[in-house]
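Take a look at the structure set out below.
The values are calculated or read from the model by the stated rules, or taken from the named source; none is laboratory data. Because the structure is predicted, anything quoted here is derived from the model rather than measured. FYI the Cβ positions are ideal-geometry reconstructions off the backbone, even for glycines, and counts take in every protein chain you see.
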Amino acid sequence: MKPKRLPELSGKDLARFWSKVDQKGVNECWPWLGTVALTDNRGNFSFRKGFKRTLKAPRIVYALHFGVDPFPQQVLHNCNNANCVNPHHLYLGDAKDNSVDSDEAGTKVCGKILILQYSQKQMSEKSKLP
Ligand SMILES: [Zn+2]
């Protein structure tokens, strides 16, 4: 499979991207507030107009922070929180590392709880809108 390159992020894309990140302290997890993939519990970021692809939020954060696109390597979490996008908690590995990562730490279970929390939060935010 041919690697797909990361698209250029416009200022607007970046602003939209970071608006979905709950940026906390360097040592804390930064929860992704946007859509989460049910397959791997990772954040999804979709681009509008002419780019109908969804990218993993940790991949974008990694690329922005370290200046390199991690693809085709997987972005893994040393905090075992699949929903986290704090670049200080991310490291690179392959798909095999990733399954070990999530199985050992029970990330899948945590991720599901997080999805519930976020969808509830999003719903309550939506209901506040005029
Ligand atoms: Zn984290």
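Name the single residue that is modelled with the highest pLDDT among those in the range 86-97 being more than 14 Å from residue 29 (Cβ to Cβ) and not hydrophobic (A, V, I, L, M, F, W, C).
The qualifying residue modelled with the highest pLDDT is 91.
What pairs come up if the first residue lies in the range 52-71 and is under 16 Å from residue 88 (Cβ atoms), the second is among the small types (Gly, Ala, Ser) and surrounded by fewer than 20 Cβ atoms within 10 Å (Cβ to Cβ), and their beta carbons are under 9 Å apart, counting only those six or more places apart or on different chains?
Once the first residue is under 16 Å from residue 88 (Cβ atoms) and sits in the range 52-71, its partners that are among the small types (Gly, Ala, Ser) and surrounded by fewer than 20 Cβ atoms within 10 Å (Cβ to Cβ) give 57/34; 70/63.
Could you list, in sequence order, the residues of the range 1-36 that are modelled with pLDDT under 85 and either of a type in the set (A, V, I, L, M, F, W, C) or under 20 Å from residue 90 (Cα atoms) (or both)?
1, 5, 6, 9
Okay, residues lined up against (1) surrounded by fewer than 17 Cβ atoms within 10 Å (Cβ to Cβ); (2) touching a Lys or Arg at 6+ places or on another chain (Cβ under 9 Å); (3) within 15 Å of residue 9 (Cβ to Cβ):
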site	(1), (2), (3)
24	yes, no, no
37	yes, yes, no
42	no, yes, no
46	yes, yes, yes
78	yes, no, no
89	no, no, no
94	yes, no, no
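Do we find a residue being of a type outside the set (Gly, Ala, Ser), modelled with pLDDT of 90 or more and either touching a helix residue (DSSP H, G or I) at 6+ places or on another chain (Cβ under 6 Å) or assigned to a strand (DSSP E or B) (or both) anywhere in the range 104-115?
No - not one qualifying residue is present in the range 104-115.
What number of residues within the range 57-85 satisfy the criterion of being within 15 Å of the ligand (Cβ to nearest atom), over 19 Å from residue 35 (Cα atoms) and either modelled with pLDDT under 90 or touching a Cys at 6+ places or on another chain (Cβ under 7 Å) (or both)?
Qualifying residue count, the range 57-85: 1.
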